[in-house]
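Student: Quick one: this structure, given as structure tokens, is what I'll be asking you about.
Read-outs throughout are calculated quantities, based only on the coordinates presented, and are distinct from any laboratory measurement. Not measured: the values here are computed from a predicted model. A quick note on method: Cβ atoms are made from the backbone with ideal geometry, for glycine too, and the neighbour counts reach across all protein chains shown.
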Amino acid sequence: MNSLANRDFLLMAAVTGPLTLAAQISGLDRREKGRGECLSISVQGFAASVLTGVTTAFLQAGADLIVILEEILPAQSAESYDSWVNLLAPTINVIRFYEALPVIQLTNAQGVLDHWTTIFQQQWDCVVSLPAAAMTLRHREGSLETCSAKLGISLPLEAFRPEPSGGKDELTFRPLGIPRCRYSIITTAGDIPPTTDMKCLLRIFGEVPRTFSNR
């Protein structure tokens, strides 16, 4: 990709976060996957090294933005979160070295809500992308205003599915009650369904920034 002449686009790559990858390597079932404390230190370290290696390969190929998808959060203690941040640090550092943008996307809305204070006690050198549902609730409670991290927002996939309403193209998405913040990125919670109407998609991604800027 770097060898392409007149390259006028950005290349994004997604990689699996260290705790999520460690859970996959360990073969944890669905109930255990939500519990970072089930993972051995050695497996976590191996997963982190794999993450850094894969990320480096993407960066050398010309990636401009790396999304680290993390479905699992550590046990709710400062020590566990410090260890998790240390697992992520080599990958974030190599992304910064290549002058690309690191984004960690946390997909477990309930886990984010349960661990909110501990998550944002960390000093993040990346964009932290959170589920829309979690951000909306925290805003209602007044705790989003003081968040100092660079934030991203992950829109639910349901936002891109038109409602069957007598032929009218209405959306399940409604403007979120989120104030104007320093959002660096707006993305989705997963892969857009292949049946998504592109006009619908573009309209939503146009509506969300306008919603934020008017608040």
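Student: Between residue 26 and residue 93, what's the calculated FRET efficiency when r is the beta-carbon distance and R0 is 35 Å? Round to 0.05.
Tutor: Result of the calculation: an efficiency of 0.85.
Student: Moving on. Cα-based Rg (one decimal) and Dmax (whole number) for the stretch 86-137, in Å?
Tutor: My reading of the Cα-based Rg and Dmax gives 12.2, 36 Å.
Student: Residue separation times 0.36 nm, minus the C-alpha to C-alpha distance between residue 50 and residue 157: what's the value?
Tutor: Length gained, residue 50 through residue 157: 35.6 nm.
Student: Considering only the other residues whose Cβ falls under 15 Å of the Cβ of residue 89, what net charge follows from Lys and Arg at +1 and Asp and Glu at -1?
Tutor: Once all neighbours under 15 Å are counted, the net charge is -2.
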